[in-house]
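Chemist: Here it is, the structure in full.
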Amino acid sequence: MSATTIQAYFKAFNAGDVDGMLSCLTDDVAHHVNEGQIRTGKAAFAEFCAHMNRCYKEELTDMVILVNGDRAAAEFTVNGTYLETDPGCPEARGQSYKLPAGSFFTLAGDRIARVTTYYNFSDWKRQVE
């Protein structure tokens with residue numbers, strides 16, 4: 001497997017193209033949310049994306065993608081704006097933030113079967129408070 005699927009996934013993310021992201025996933029994708037529960041399936045992934053797009057505007061830069069067999073990893077910088085208050089988080093006032101982050105993937109053919117993303121929530125919270 002090449003990095004093509006991962007590149008397409010992140011290109012769609014940066015474009016705000018949820019359908020493009022969904023086209024990169026298996027129907028039963030396992031989405032491991034940072035400090036959250038595992039969401040299974042494209043519908044749950046789309047619901048998560050709708051929530052995130054309402055609360056945040058993000059662009060990922062400095063992307064490095066590594067692939068080894070059916071596993072892949074990406075390291076990047078999240079450049080974001082906090083648009084709408086996310087329940088349980090500080091109040092949104094249009095604050096900007098910049099965070100290092102990483103995603104890990106399991107690939108099934110030319111689709112993503114698992115997405116796990118990590119970033120430092122405490123660092124994000126400090127930047128927006």
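The values are calculated or read from the model by the stated rules, or taken from the named source; none is laboratory data. Here the structure is a predicted model, which is why all the values come from computation and not from measurement. So basically every Cβ, Gly included, is an ideal-geometry build from the backbone, and we count neighbours across all protein chains shown. Only protein heavy atoms, including side chains, enter the accessible area calculation; ligands, DNA and RNA are left aside. Shrake-Rupley method; radii C 1.70, N 1.55, O 1.52, S 1.80 Å.
Chemist: I'd like the residue in the stretch 115-129 that is assigned to a strand (DSSP E or B) and either out of contact with any strand residue (DSSP E or B) (no Cβ under 6 Å at 6 or more places or on another chain) or open to solvent by less than 50 Å² (accessible area, probe 1.4 Å) (or both) and, out of all such residues, is nearest to Thr5 (Cα to Cα).
Modeler: Taking the stretch 115-129 first, the residues assigned to a strand (DSSP E or B) are 115-119.
Pick out the ones that are also either out of contact with any strand residue (DSSP E or B) (no Cβ under 6 Å at 6 or more places or on another chain) or open to solvent by less than 50 Å² (accessible area, probe 1.4 Å) (or both) and you get 115-117.
On the way: Val115: 12, Thr116: 15, Thr117: 16 Å.
Here the residue is Val115.
Chemist: Now a separate question. Take the residues of the stretch 53-65 that are surrounded by 14 or more Cβ atoms within 10 Å (Cβ to Cβ) and among the hydrophobic types (A, V, I, L, M, F, W, C): which is farthest from Ser103 (Cα to Cα)? Full working, then the answer.
Modeler: Looking only at the stretch 53-65, we keep the residues that are surrounded by 14 or more Cβ atoms within 10 Å (Cβ to Cβ), and these are 53, 55-60, 63, 65.
From the residues that got through so far, the ones that are among the hydrophobic types (A, V, I, L, M, F, W, C) too are 55, 60, 63, 65.
Details: Cys55: 20, Leu60: 11, Met63: 11, Ile65: 9 Å.
Per the criteria, the residue is Cys55.
Chemist: Could you tell me which of the residues Lys42, Lys11 is closer than 22 Å to Asn68 by Cα and among the basic types (Lys, Arg)?
Modeler: The conditions single out Lys11.
Chemist: Among the listed residues Ala50, Ala92, identify the single one that is surrounded by 14 or more Cβ atoms within 10 Å (Cβ to Cβ) and of a type in the set (A, V, I, L, M, F, W, C). If you could, list the steps in order and put the result at the bottom.
Modeler: Details: Ala50 fails: surrounded by 14 or more Cβ atoms within 10 Å (Cβ to Cβ).
From the options Ala50, Ala92, the qualifying one is Ala92.
Chemist: Among all residue pairs at least 6 apart or on different chains, which show Cβ distances below 9 Å where the first residue, located in the stretch 83-94, is within 20 Å of Glu59 (Cβ to Cβ) and the second is among the small types (Gly, Ala, Ser)?
Modeler: Pairs found: Leu83/Ala92; Leu83/Gly94; Glu84/Ala92; Asp86/Ala92.
Chemist: Then there's this: Go through the stretch 1-44 residue by residue and tally those that are touching a residue at least 60 places away in the same chain (Cβ under 8 Å) and either closer than 30 Å to Pro90 by Cβ or open to solvent by less than 80 Å² (accessible area, probe 1.4 Å) (or both).
Modeler: To start, the set of residues in the stretch 1-44 that are touching a residue at least 60 places away in the same chain (Cβ under 8 Å) comprises 1-6, 9-10, 24-26, 28-35.
Among the residues that remain, those that are also either closer than 30 Å to Pro90 by Cβ or open to solvent by less than 80 Å² (accessible area, probe 1.4 Å) (or both) are: 2-3, 5-6, 9-10, 24-26, 29-35.
Going through the stretch 1-44 one residue at a time, the tally reaches 16.
Chemist: Okay, moving on. Among the residues of the stretch 104-114, is any open to solvent by 60 Å² or more (accessible area, probe 1.4 Å), closer than 17 Å to Lys11 by Cβ, touching a Phe, Trp or Tyr at 6+ places or on another chain (Cβ under 6 Å) and in contact (Cβ under 8 Å) with a residue 12 or more places away in the chain?
Modeler: no
Chemist: If I ask for residues that are within 16 Å of Thr4 (Cα to Cα) and open to solvent by 50 Å² or more (accessible area, probe 1.4 Å), which ones from the stretch 70-85 would you list? Quick ask: steps written out before the conclusion?
Modeler: Here is the first cut: in the stretch 70-85, the residues within 16 Å of Thr4 (Cα to Cα) are 70-75.
Asp70, Arg71, Glu75, listed by residue number.
Chemist: Can you go through Leu66, Leu22 and tell me which one is in contact with a strand residue (DSSP E or B) (Cβ under 7 Å, 6 or more places away or on another chain) and among the aliphatic types (A, V, I, L, M)?
Modeler: Working: Leu22 fails: in contact with a strand residue (DSSP E or B) (Cβ under 7 Å, 6 or more places away or on another chain).
Criteria check complete, one pass: Leu66.
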